[in-house]
């Protein structure tokens, strides 16, 4: 495999991970790595003891599952050693700010870095999120995108495209380039889905743009996908939600714990703190027990007022930016 092929594989891994992370599964037993998935798009490369983000900041793995998931899904940016054992001059140069890229054979910005910024592409190039045009650097780049992002690739030159929505988006007259989507974007806006379409956060109905779109959602969000046409759904909770009679379509009530779990920093027997240092009591024992089982390294079997750890207390009170001892050096 040549070095460009390696770059394309890495691009796919980074893009897929960053995108899929935008939705969190709703069933507790399937939530082993949901927390990390939210921040995965910011991981540059990892070691056995943690990873660096795009701002060159160090993060410890919060548990073994995080590390193992990253190693399995991002093998080309994972190095099976402790970070202090790494003697690679390119990665060290990037970390020290001397190199703009940590890969030895890449002097500029790699396609894998910018791929997450691609909105849609043509035979001669693609537009990014800032509506800027980029020509493909070579045929392999284009072919990889065409094969792996078929729903956002158009086999024509950009000047041949007469689609009013894409042109309107390009000219700044529309906030979204998809004909029937004016909200926050496809992945983050889906609430529940069926064979023939899905509902967004505003209870608006959308048809799938392609079978690939539907199949991807079905495979990756099984807990909110129902393999039937919506007209055949007799579930009273989902129907009540559509019709505005319920605030949540799940039998259990309001927002699911999986939605806020990514914001949990550390927890106690009586609740947890989020990233904004706000306190939340557990809504039930099941929530607490699930967190304790799946995030043992950030759970403390005591009430918060019984915690005498100086670092956690200083973080809670705003005197420290980090509550972990071993991150203070970074």
| message | So, residue 146, is that one touching a strand residue (DSSP E or B) at 6+ places or on another chain (Cβ under 7 Å), at pLDDT below 85 and in the same structural domain as residue 126 (by TED's automatic domain parsing) or not? | response | yes
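So, of the residues in segment 310-322 that are surrounded by fewer than 14 Cβ atoms within 10 Å (Cβ to Cβ) and over 13 Å from residue 275 (Cα atoms), which turns out to be modelled with the highest pLDDT?
310
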| query | Are there any pairs, at least 6 apart or on different chains, whose C-beta atoms fall under 7 Å, with the first in segment 125-139 and touching a residue at least 40 places away in the same chain (Cβ under 8 Å) and the second surrounded by 15 or more Cβ atoms within 10 Å (Cβ to Cβ), and if so, which? | reply | 127/119; 127/120; 127/170; 131/170
| field | Qualifying positions in segment 87-112 - within 23 Å of residue 68 (Cα to Cα) and either in contact with a helix residue (DSSP H, G or I) (Cβ under 7 Å, 6 or more places away or on another chain) or at pLDDT below 80 (or both) | value | 102, 103, 112
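Any idea which of 177, 144, 208 is in contact with a helix residue (DSSP H, G or I) (Cβ under 6 Å, 6 or more places away or on another chain) and in contact (Cβ under 8 Å) with a residue 60 or more places away in the chain?
After ruling out the rest, the residue left standing is 144.
Taking segment 125-140, which residues are more than 21 Å from residue 209 (Cβ to Cβ), surrounded by 15 or more Cβ atoms within 10 Å (Cβ to Cβ) and touching a strand residue (DSSP E or B) at 6+ places or on another chain (Cβ under 9 Å)?
If we filter segment 125-140 for residues that are more than 21 Å from residue 209 (Cβ to Cβ), which is where we start, we get 125, 130, 132-140.
Keeping just the survivors that are surrounded by 15 or more Cβ atoms within 10 Å (Cβ to Cβ) gives 125, 134, 136, 140.
Scanning segment 125-140 gives 125, 134, 136.
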| task | Take residue 201 and decide whether it is touching a helix residue (DSSP H, G or I) at 6+ places or on another chain (Cβ under 6 Å), under 25 Å from residue 119 (Cα atoms) and at pLDDT below 80. | result | yes
| request: Examine segment 30-44 for a residue that is under 22 Å from residue 144 (Cβ atoms), in a loop (DSSP other than H, G, I, E, B) and at pLDDT below 85, and state whether such a residue exists. | output: no
| Scan of segment 285-312 for residues that are out of contact with any helix residue (DSSP H, G or I) (no Cβ under 9 Å at 6 or more places or on another chain) and either more than 19 Å from residue 62 (Cα to Cα) or part of a loop (DSSP other than H, G, I, E, B) (or both), ordered by number | 285, 302, 303, 305, 306, 308, 309, 310
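Residue-by-condition table, conditions (1) more than 30 Å from residue 193 (Cβ to Cβ); (2) at pLDDT 85 or above; (3) surrounded by fewer than 11 Cβ atoms within 10 Å (Cβ to Cβ); (4) touching a strand residue (DSSP E or B) at 6+ places or on another chain (Cβ under 8 Å):
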site: 221; (1), (2), (3), (4): no, no, no, yes
site: 225; (1), (2), (3), (4): no, yes, no, yes
site: 230; (1), (2), (3), (4): no, yes, no, yes
site: 233; (1), (2), (3), (4): no, yes, no, yes
site: 251; (1), (2), (3), (4): no, no, yes, no
site: 257; (1), (2), (3), (4): no, no, no, no
site: 266; (1), (2), (3), (4): yes, yes, no, yes
site: 324; (1), (2), (3), (4): yes, no, no, yes
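The values are calculated or read from the model by the stated rules, or taken from the named source; none is laboratory data. The structure displayed is predicted, hence computed values, not measured ones. Heads up, the Cβs are rebuilt from the backbone with ideal geometry, glycines too, and the neighbour counts pull from every protein chain shown.
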